[in-house]
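We did not get these values from a lab; they are worked out from the coordinates using the rules stated. Keep in mind it's a predicted model, so treat the numbers as computed, not measured. Here the Cβ is made from the backbone with ideal geometry for all residues, glycine too, and neighbour counts use every protein chain on show.
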């Protein structure tokens, strides 16, 4: 795989000459979305995003796992803080998607996959004080409804003591059509 990537990159460099641009996003926007491979390229095309427009932060499920929500002190919040304080981000969009893998995790398949790859799920549950398989699922970030999950993540970010009170909106994008639906419109900065 490394050799294939290097060869593909060499081919890319023959056909492309990227212009120099600054690291601050032109649209002063950070987008939190999922790492799902089906979003690659489709996501930017559906939102008409260009190189340099926005900071993109991708996590499994565009979510913050339940154990990390209480303190709002995790890698996503840390990355958003850097984007806000150092790069000039002034609005955040949390964009989940339909048919997200974290919305329908099978605990039996999860633990079987862990075992097949040499990780003892019960030992991990015990050592990390997760309680049971449901605790493992919460740690992973499993949820049932993408709309509810987006609203919950938006609230965690809005209430984080590490972040200033800037507009944070929530959306869901359809993984098959690219249609974007507003789930939670922030009222910060909106006047009647």
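Can you tell me the FRET efficiency between residue 1 and residue 124 if r is taken as the Cβ-Cβ distance and R0 is 41 Å, rounded to the nearest 0.05? Let's see the in-between values first.
Working: r = 27 Å, r/R0 = 0.67.
Calculated transfer efficiency: 0.90.
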Report task. Please express the Cα-Cα pair-distance distribution P(r) of segment 91-139 as a list of whole percents, one per 10 Å bin, running from 0 to the bin with the greatest distance. Result -> 23, 43, 22, 11, 1
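For the chain, what is the mean residue ellipticity at 222 nm derived from helices alone (per DSSP H run of n ≥ 4: -39500 (n - 2.57); sum divided by total residues; nearest 500 deg cm²/dmol)? Each step should come with its number before you reach the end.
On the way: 8 runs with 75 residues, N = 192.
Mean residue ellipticity at 222 nm (helix-derived): -11000 deg cm²/dmol.
Where does each of 172, 119 land when they are ranked from fewest to most other beta-carbon atoms within 10 angstrom? Write out the running numbers ahead of the final one.
Working: 172 22, 119 11.
Placing the least packed residue first, the sequence is 119, 172.
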Report task. Name the shape class, rounded, prolate or oblate, that the alpha-carbon gyration tensor gives for segment 113-180, where a ≥ b ≥ c are the square roots of its eigenvalues, rounded holds for a/c under 1.5, and otherwise prolate holds if a/b is larger than b/c and oblate otherwise. Result -> oblate
**Report entry** GNM result for the chain, Cα springs below 10 Å: residue of 107, 25, 167 fluctuating most strongly
**Finding:** 107
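First measure r as the distance between the Cβ atoms of residue 71 and residue 14, then evaluate 1/(1 + (r/R0)^6) with R0 = 41 Å and state the FRET efficiency to the nearest 0.05.
Working: r = 48 Å, r/R0 = 1.17.
Computed FRET efficiency for residue 71 and residue 14 comes out at 0.30.
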Query raised in the report: Label points 7 Å out from Cα along the Cβ direction at residue 109 and residue 87: separation in nm?
Result: 3.3
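Using Cβ counts within 10 Å as a stand-in for footprinting exposure, how do 162, 12 rank, fewest first? Display every interim value, and only then the final one.
Details: 162 15, 12 10.
By the 10 Å Cβ count, ascending: 12, 162.
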Report summary line: With a Förster distance of 22 angstrom and the Cβ-Cβ distance between residue 159 and residue 48, calculated FRET efficiency to the nearest 0.05 equals 0.10
**Report entry** GNM flexibility winner over the chain from 108, 156, 89 (Cα, springs under 10 Å)
**Finding:** 108
Query raised in the report: Counting only DSSP beta bridges with both residues in the chain, what percent are antiparallel, rounded to the nearest 5?
Result: 20
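Using just the alpha carbons, could you tell me how many Å³ per residue the convex hull of the chain encloses?
Details: hull volume 31.1 nm³, N = 192.
Given the Cα convex hull of the chain, per-residue volume reads 162 Å³.
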Query raised in the report: With the chain treated as a Gaussian network of Cα nodes joined by springs under 10 Å, which of 149, 159, 120 yields the largest mean-square fluctuation?
Result: 120
Report summary line: With label points set 7 Å from each Cα along the Cα-to-Cβ direction at residue 134 and residue 148, the distance between them in nm comes to 1.3
